Every structure is written in C-alpha cells, then in structure tokens.
Amino acid sequence: MRVEGLGLREGKGSLSQTRLLLESDIIERAEGASLVLGTARKDSRSPLFGEDRPWEPRFDNLYPNVIFDETDGVYKLWYNPFVVDERVTNMPVELRKSVGYVQAKGRRESGLCYATSTDGIVWHKPELGLVEFDGSKRNNLVMRMIHGPGVFKDLRDPDPARRYKLFGVDENTKSMAVAFSSNGLHWSPLIQCPRIEAQGDTHNNALWDDGSGKYVGITRLWIDRQRIVGRTDSADFIDWTKAEEVLRGDPENQTYAMPVFRYANVFLGLVMILRADQTVDCELAWSRDTKTWERVCPGTPLIPRGPDGACDAGCIYAAAYPVVREDGIRLYYLGSDDTHLSWRKGYLCLAHLRPDGFAGMHTERSSQPGVIVTKPLKLDGSALEVNVDASKGECLVEILDSHEEPIPAFSRAEARPLRRIDGAHLRAAWNGKRDLSSLAGRDIRLKFHLRNACLYAFRFTQAD
C-alpha cells in the first residue's frame, strides 16, 4: 500500500511501524537528552526557478503543493502566484525605495499554475492552452481567481473524476471553496463552502484522516486581530463544518500558515511563523488527531532563513507536501529575499532531511551519556530498527518489561552498541541476537543509552 501523497511504499522498515522521537507521549522520561530539530540541508541548486513569466509578476507566498506521482513517474507542482499585481507592474524599480509595497496602489489577482519535473530539480512550465491571460492561452495556468489552494491526489476516492482535490478561497466570493479534477489540469467549477466561516487568506490544505473517517481541512481564522490556525472536516469534501481554532502563536509570532500531512503514526504541521519584524520562519508541530497540536522546539526554524542577500533571507513558506523518498525527505519551499511586506522577489527552493529526520533526541553533553525510556509499547514485530546518528558516539538499546525491569536476554550487558555509525535502518542486537520473537505480544519498554548521538526514530519490523 502506498503512503498517500508522500511518494513512499510501505514494506521493510515501513512508515506505518515508525515511531518518531518527537512523539512526546511515548517518552516516559529522558535524562541528559533533549529534543532538537533535524538539520535541513539546503540544496546547492536552489533556487530552482523564480518569477520568470509575464503571469508571474509576484510569487508573494507562492503556496506550492508538490507531489511525486508514482503512476506517472514525475514530480507535479501546483503553485499560486499573483498573476496580476499592478503594484509591481506599475511601479518602476527606481521608485520602490521611496514607496513601500503596501503603500503602492493597484489590483491584484491570484491564479493557479502547474509545473512538472522528472528529477524534482529542473522544472518545466508547460503551455497548457487552458486559461486565457492577456489574450493568450499559451501559459501554464489551470485556474484564475483562486487564493491559497491546497491541491492533492486522492488515491482512496473511487471516482476518477475526483482524483485530484482542491481546497482554497474563491476570490470572486471571498468564500472557502473546493474543486475536483481527473488529472489536476481540468478543474470543475468551484463549489462554495460558506459554512466553514474562515477567511482562509493563507495556504489552505486538506487530507484524509483514517482515524475520523473524514477529510480534514486546515485554514486560517482571525481572532483578536491575530492569525490563527483553524480546522474543519467533511465526510464528502463538499459539506464542511465550521472551522475551529487548533493552534495560535502570539501577536509577535503569529501562525501564518500550516500545511499538514500524515507521517508514520502522527500528523506533522509545517508552521510558518510571522515575526514582528515581518520575517517568516518555518517551524514544526505535531498531532495525533489534527485537533490538539504541540509545537516542536518553538522559536527554532526547521528550515533556517538564509543570510542577507540570499534568495531566502526574508521569508520561507514551506510547500505542502514534503516528498518522502527512501534516501530522505525533500522539503520544497518558497524563499523570499526580503521581508513579508517588502518589494521582495520569490523563488522555489529545496532543502533535504535525513529519513525520519524532522527531530531527534540528542545527548546534551558529549562527555556524558543520555538515557531515554519509553512508555510501555506492544511489541509488533520480531526485530528492532533504529534511526540514529552515532557517527561520533554510540547508541545502545536494552529492553525492559512494563515495570522497567530488564529482560535478561535483552539487558544492557547483552546489548551490542551501535558505535561510530550513522543510519536510518540499523538493527539492534543483543549478544549477536536480533530476533525478538520470544517477546511477541508483550508490553515492553525500550531504554536507549546515547553518548554523543542523536536518535530520530525506531520501528519494530520483521527479522531477516
């Protein structure tokens, strides 16, 4: 079975069996170790493209939606620039230092554009011949007058005409709306969803939640003049509930947008935080049910902004969704070279995370070991894999019973250290033994001993 929208097939070491160390509710206690965000490595080939078409006068936040379509074998991108921005087109560059972007006057209109790539690096903007712009259809537009749309491919819907789904704001009515497509190019008319009662002036996105048996939509509310993350749900993607608050920052650090996606056993949110100085950072949050959210290392960006003069020095707006491959996670994002309300230029950029590498438990002092003990877990498998960077130290695992008593054959004395090694699928072993079949069905605890190492995830899998 394919993990929806994330481009990874389940199997050996599958996502469905993965437990991330950022899941605070599985940790009983941690001593000498703390949670740190993963290292997002920016691709040296970024920026991948910029505002290089007449119908792209300003990317602004772009609100990119990226998938790797395994059926077609290509990366697909839907992005949301201003296709009309008279502030930009009517203001000579030499006057922009004396007139701010907000003070400039002019009509703005958003549109939805489409691009493809065979490698996720070099992108093609095809002439689709679908939507007229300035008297011509020789462009890559698939829709106009749509703001902040989330677009995804829904593999579970049996109706091929509803294979692709869109969740955004109709700029004509200022109402939340949805649309359907068989191929992501030819879209149905927008269907109004006024019951959501959200302004939605953000990157809206939606996904299917097996737990509730409903689609979940993430949008924006305004409360006390502050940007708030709102949540709505629907059984049929047409009739939605009134959106309710699920996450907020503070007036100086507002939750501007939060694309949400399923990863392993949790939901992750890429939270764009609008700072008081009008810079925008991408942070991380997680949830079990899309209703109760916990921010991970608040105040610390998952994708750091670049230095002054860089294409992403001012703002970062993460795409929905990360593309998960066997060798790591691709985080596409919009990078801006200046602050939110400035005459900024925007670019599609890319950063990389290791597999499961959103966050990990790291030893606080290289000279002293750290210990992490899980809450009781049901052993579902016959082997244990760990995702750990112990390239400069070591990781050792012992297995305890539910009362925290060591199980003799799997005690610390019997454990084989994972030393001077870094890997996403490292098998734990005890005196040369990897098979855990004798513990099948038991409630156990895992006790990790780390020295100068970072543990990202573990999973029960099947012994070779």
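Using the Cα centre as the reference, give the magnitude of the dipole from point charges on the C-beta atoms of the chain (Lys, Arg: +1; Asp, Glu: -1; all else neutral), rounded to the nearest 20 debye.
Working: 62 positive and 65 negative charges, 93 e Å.
In total the dipole reaches around 440 debye.
Post the alpha-carbon centroid distance, region 167-181 to region 235-290, in whole angstrom.
Computed from Cα coordinates, the inter-centre distance equals 19 Å.
Ranking Thr39, Thr363, Thr461, Thr219 by Cβ neighbours within 10 Å, fewest first, what do you get? Each step should come with its number before you reach the end.
Values: Thr39 15, Thr363 24, Thr461 21, Thr219 30.
The order, fewest Cβ neighbours first, is Thr39, Thr461, Thr363, Thr219.
Determine, for Tyr63, Tyr164, the number of other Cβ atoms within 10 Å of each Cβ, and report the residues in order from fewest to most.
Details: Tyr63 29, Tyr164 23.
Least crowded to most crowded, the residues run Tyr164, Tyr63.
Sum -39500 (n - 2.57) across every DSSP H segment of at least 4 residues in the chain, then divide by the residue count to get the 222 nm mean residue ellipticity, nearest 500. List each step's numbers first, then the result.
Values: 1 runs with 4 residues, N = 464.
Per the formula, 0 deg cm²/dmol.
In the neighborhood of Tyr456, defined by Cβ-to-Cβ distances under 13 Å, what is the net charge if each Lys or Arg adds +1 and each Asp or Glu adds -1?
Numbers: positive: Arg19, Arg354, Arg459; negative: Glu23, Asp356, Glu385, Asp389, Asp422.
The answer is -2.
Determine, at each q value in 0.29 (inverse angstroms), the log₁₀ of I(q)/I(0) that the Debye formula gives when each Cα of region 193-251 is one equal point scatterer.
-1.22
Could you tell me the center-to-center distance, by alpha carbons, between region 299-372 and region 123-139 in angstrom?
Cα centroid of region 299-372 versus Cα centroid of region 123-139: 32 Å apart.
Given just the C-alpha atoms of region 126-283, how large is their convex hull per residue in cubic angstrom? Display every interim value, and only then the final one.
Numbers: hull volume 22.1 nm³, N = 158.
Here the figure is 140 Å³ per residue.
List the equivalent ellipsoid semi-axes of region 122-191 in whole Å, largest first, each obtained as the square root of 5λ for an eigenvalue λ of the Cα gyration tensor.
Details: eigenvalues 86, 58, 22 Å².
Sorted largest first and rounded, they come to 21, 17, 10 Å.
Taking only Cα atoms of region 236-302, what ratio of Rg to Rh do you get with Rh as the Kirkwood inverse-distance radius?
Values: Rg = 12.9 Å, Rh = 12.8 Å.
Result: Rg/Rh = 1.01.
Can you tell me, using C-alpha contacts under 8 Å and at least 6 residues apart, the relative contact order of region 85-131 as a whole percent? Can you show the working numbers first?
Values: 27 pairs, mean separation 15.1, N = 47.
Contact order relative to length: 32 percent.
Find the Rg to Rh ratio for region 169-228, where Rh is the Kirkwood radius over alpha-carbon pairs and Rg uses the same atoms. The partial results should precede the final answer.
Values: Rg = 13.1 Å, Rh = 13.0 Å.
We get a ratio of 1.01 for region 169-228.
Lys and Arg at +1, Asp and Glu at -1: add these up for the other residues within a Cβ distance under 11 Å of Ser188 and post the number.
Numbers: positive: Arg162, Lys165; negative: none.
Taking every Cβ under 11 Å from that of Ser188, the sum is +2.
Tell me, what is the Rg over Rh of the chain, with Rh the Kirkwood radius over Cα pairs? Mind dumping the intermediate values first?
Working: Rg = 23.4 Å, Rh = 23.3 Å.
My calculation of the ratio gives 1.00.
Which of Lys447, Lys392, Lys42 has the fewest other C-beta atoms within 10 Å, and how do the rest follow up to the most?
On the way: Lys447 21, Lys392 13, Lys42 18.
Placing the least packed residue first, the sequence is Lys392, Lys42, Lys447.
With the contact rule set at Cα under 8 Å and sequence spacing of 6 or more, what percent relative contact order holds for the chain? Walk me through the intermediate numbers first.
Values: 1282 pairs, mean separation 79.1, N = 464.
Across the chain, relative contact order equals 17 percent.
Values in this text are rule-based calculations from the coordinates and carry no lab data. The model shown is predicted, which means the values in this text are computed figures rather than measured ones. Ideal geometry is used to build each Cβ from the backbone, glycine not excepted, and the neighbour counts take in all protein chains shown.
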